[in-house]
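Peer 1: So that we are looking at the same thing, I have put the structure below in structure tokens.
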Amino acid sequence: QTLECQDLYFIEGQVDPAGLEHLATQVLSDPITQTVEWGRIVSAPGPQPQAGEGQVIEVALRPGVTDPVAAQVVRAARVLGIQGVAQASTGLRFLVGGELDEAGLLRELSLALLYQLGGAEGGEQGA
């Protein structure tokens, strides 16, 4: 089993490609230790692992919950003169490698990650 964590940033607005690149490389990532990629979300998330390759779990704060990192992303865009950033939100993607034998295992892992990240408020509300 393997577990990889990726930071997600959702930028809303009309930002040109040069602005996105500037934001991604100057604010959202560390060029020494991280790689960065971006794209437009039209509907469904990106490619999912094939059978036997593992699972993808994405978590984000609920709408209306204060997201201080997202607020700083919007502020930083303004300071850097990047036009068109209306708002932002953040999340995490977990890539779980290996075969998961039971559907319940993935659900339990999802809940454990939510509780660990402080995103769940008890019971199954965070799932």
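The values are calculated or read from the model by the stated rules, or taken from the named source; none is laboratory data. Being a predicted model, the structure only gives us computed values, none of them experimental. Cβ coordinates were reconstructed from backbone atoms using ideal geometry, including for glycine residues, and neighbour counts include every protein chain displayed. Each accessible area value is taken on the protein alone, full model and side chains, heavy atoms only, with ligands, DNA and RNA left out. Shrake-Rupley method; radii C 1.70, N 1.55, O 1.52, S 1.80 Å.
Peer 1: Quick check on the stretch 55-64. Is at least one of its residues closer than 28 Å to G98 by Cβ, open to solvent by 70 Å² or more (accessible area, probe 1.4 Å) and at pLDDT below 80?
Peer 2: Within the stretch 55-64, one or more residues are closer than 28 Å to G98 by Cβ, open to solvent by 70 Å² or more (accessible area, probe 1.4 Å) and at pLDDT below 80.
Peer 1: What are the residues in the stretch 80-127 that are modelled with pLDDT under 95, in a loop (DSSP other than H, G, I, E, B) and small (G, A, S), if any?
Peer 2: Within the stretch 80-127, G98, G118, G119, A120, G122, G123, G126, A127 qualify.
Peer 1: Filter the stretch 80-92 down to residues that are under 11 Å from Y9 (Cβ atoms) and either of a type in the set (S, T, N, Q) or in contact with a Leu (Cβ under 9 Å, 6 or more places away or on another chain) (or both) and give me whichever is surrounded by the most Cβ atoms within 10 Å (Cβ to Cβ).
Peer 2: If we take residues in the stretch 80-92 being under 11 Å from Y9 (Cβ atoms) and either of a type in the set (S, T, N, Q) or in contact with a Leu (Cβ under 9 Å, 6 or more places away or on another chain) (or both), then V85 is surrounded by the most Cβ atoms within 10 Å (Cβ to Cβ).
Peer 1: I'm trying to understand the selection: among the residues of the stretch 3-41, which are of a type in the set (F, W, Y) and part of a strand (DSSP E or B)?
Peer 2: Y9, F10
Peer 1: Mind checking which residues of the stretch 22-37 are surrounded by 14 or more Cβ atoms within 10 Å (Cβ to Cβ) and closer than 25 Å to L95 by Cα? Lay out the reasoning, then the answer.
Peer 2: At the first step, the residues of the stretch 22-37 found to be surrounded by 14 or more Cβ atoms within 10 Å (Cβ to Cβ) are 22-24, 27-29, 36.
L23, A24, V27, L28, S29, V36 - these are the residues of the stretch 22-37 that are surrounded by 14 or more Cβ atoms within 10 Å (Cβ to Cβ) and closer than 25 Å to L95 by Cα.
Peer 1: Can I ask one more? Does A77 meet the test of being open to solvent by less than 100 Å² (accessible area, probe 1.4 Å), in a helix (DSSP H, G or I) and at pLDDT 85 or above? First the steps, then the outcome.
Peer 2: Numbers: open to solvent by less than 100 Å² (accessible area, probe 1.4 Å): yes; in a helix (DSSP H, G or I): yes; at pLDDT 85 or above: yes.
Criteria met by A77.
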